[in-house]
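The values are calculated or read from the model by the stated rules, or taken from the named source; none is laboratory data. Nothing here was measured: the structure is a model prediction, and the numbers come from that model. Positions of Cβ are generated from backbone atoms using ideal geometry, with glycine treated the same way; all protein chains shown enter the neighbour counts. Ligands, DNA and RNA are excluded from the accessible area calculation, which covers all protein heavy atoms including side chains. Shrake-Rupley method; radii C 1.70, N 1.55, O 1.52, S 1.80 Å.
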Amino acid sequence: MKKALFALLALGLMVAFSSKEAIQKEWEASAHNNGVMGAKSLPQATVEVRAENAAHCARCHSEQGFLAWLNQLKKGNPGNLVGPDGKAATVDYLRSLGLTQAQVKPITCKTCHDDDGDLRLVHDTPMLPAGFRAVGVGSGALCMACHNTRNGRITWNAADAGRYTSPHYSAEADVILGKNGYFVDDTREWNNPHAFFTGGSCSTCHMSLSGKDYTAHTFKTPENLCASCHGAKYTKEMVQDNTEHLMSLVRTMVNAKVLAVRDRIKTVRAYNPDTGQFTPNVQVKAPVYRVDIVSFGGQLGFKMDLTDGTTLWSQLGDIRDEKGQPVFSTKDPVVRAAWNYILVKYDGSKGIHNPTYTRALLLATVEALR
């Protein structure tokens, strides 16, 4: 009897160890690990790179920052990290959290799970940095805490955007819940099955349906994911192809709007994507013939190809006329269209997360640009 019990215990330990080892390997292949975040976004969570602004980035780009911020979030403050006194976090305080190049950690097991292995946030979220709450989304609530636009709530029907701010990268929560897009009512309830009727929303498709004996910690969906619920003949391209077509229509119409006023474009504060540096008052010496909608430095921008073969990158507010005024004011529909375009782009699913909302948003954007 004792031998049988010991054998079962040993088998259980072997299975547990095997599962833990497999999860570790999967996590190492994910975008959250040090191999990916360490080279790209992890340094943005350190005081050496961002100084006081690490209080913004470290919330989601580091383990230490997220754990400190989650407590703050649950108390009703979705803003940047604050110190023990409730005031803006100082460099010294951020350093004490371990937000230095020598100590900063990527998103690990401890970030998402407490000491008992339970998720730190489930079902509902507090108010998020994007200006809304997610309610009844299962284990996906934890994902949505960070995977949102993080730049406050927009007013969907405003005639003036009032800013050139861009959605933050990884804007999945906004799209899956139907929030923060211009020209389409985001105060209504978009009953998206992917968000509310799959059990775990994000985690169902990105973990459970692509897992084995344990949930998949690469967070990558398998090629045949849609067939899991919709049948073998249903593919992601059925949604994505039409979404990409609508995205191309928006690009074409924005491009036409820019070309219509290209003679007014005289100077830009030029951005160098290789160095991340800006150069003020750069003369635009040839007409623009094509633009791509981009985002950098937290602002909407254009990559502008000129007829002389040169390329200029500029944030929208820094594209100026001969009087030094923005060619595209925040009232211009181009600004709101650019936000919507980047919102869909930064969602990353090409419509899969919320097909109905994504289509409505892009069609409304096309109409606004006519």
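Worth pointing out:
- Cβ-Cβ FRET estimate between residue 124 and residue 229, R0 fixed at 25 Å, reported to 0.05: 0.55
- Cα extents of segment 203-317 along the three principal axes, largest first (Å): 60, 29, 22
- Qualifying trypsin sites (Lys or Arg not before Pro) for segment 333-362 [loop in DSSP, other Cβ within 10 Å: at most 16]: none
- Segment 273-309 and segment 61-127: distance between their alpha carbon centers, rounded to Å: 35
- Length-normalised contact order of the chain in % [C-alpha pairs under 8 Å, at least 6 apart]: 14
- Accessible surface of segment 240-286, 1.4 Å probe: 45 percent of it comes from carbon and sulfur atoms.
- With respect to the chain, whose longest principal axis is taken over its alpha-carbon atoms, helix 333-347 is tilted by about 20°.
- Carbon + sulfur, % of accessible area of segment 55-133 - ligands and nucleic acids excluded, 1.4 Å: 50
- In this calculation the C-beta distance from residue 220 to residue 155 is compared with R0 = 51 Å, giving a FRET efficiency of 0.90.
- Degrees between helix 63-74 axis and first principal axis of the chain (Cα, 0 to 90, nearest 10): 80
- Per residue value of the accessible surface for segment 276-370 (all protein chains in place, 1.4 Å probe), Å²: 43
- For segment 126-238, the calculated P(r), taken from all Cα-Cα distances in 10 Å bins from zero up to the bin holding the longest distance, is 14, 39, 31, 14, 2, 0 percent.
- Where trypsin sites (Lys or Arg not before Pro) fall in DSSP loop in segment 159-195, at most 11 other Cβ within 10 Å: 188
- Per residue, the solvent-accessible area of segment 28-153 (1.4 Å probe, heavy atoms of protein chains only, all protein chains present) comes to 46 Å².
- Among the listed pairs 75/105; 110/236; 87/110, those with a Cα-Cα distance over 31 Å are 110/236.
- For the residues 93, 341, a 1.4 Å probe over the protein chains yields an accessible-area ranking, largest first, of 93, 341.
- Among 273, 222, 167, residue whose mean-square fluctuation peaks in a GNM of the chain (springs only between Cα atoms under 10 Å): 273
- For the pair residue 49 and residue 260, a Förster radius of 25 Å applied to the C-beta separation gives a FRET efficiency near 0.05, rounded to the nearest 0.05.
- Here the chain is scanned for GluC sites (Glu not before Pro) in DSSP loops (not H, G, I, E, B) that have at most 16 other Cβ atoms within 10 Å, and the longest stretch holding none of them is 1-188.
- By the equivalent-ellipsoid construction on the alpha carbon gyration tensor, segment 105-145 comes out with semi-axes of 20, 12, 7 Å, ordered largest to smallest.
- Degrees separating the helix 2-28 axis from the principal Cα axis of the chain, which is the longest one: 10
- Within segment 237-315, trypsin sites (Lys or Arg not before Pro) in DSSP loop having at most 14 other beta-carbon neighbours inside 10 Å: 285
- Computed over the chain, the ratio Rg/Rh where both radii use C-alpha atoms and Rh is Kirkwood: 1.02
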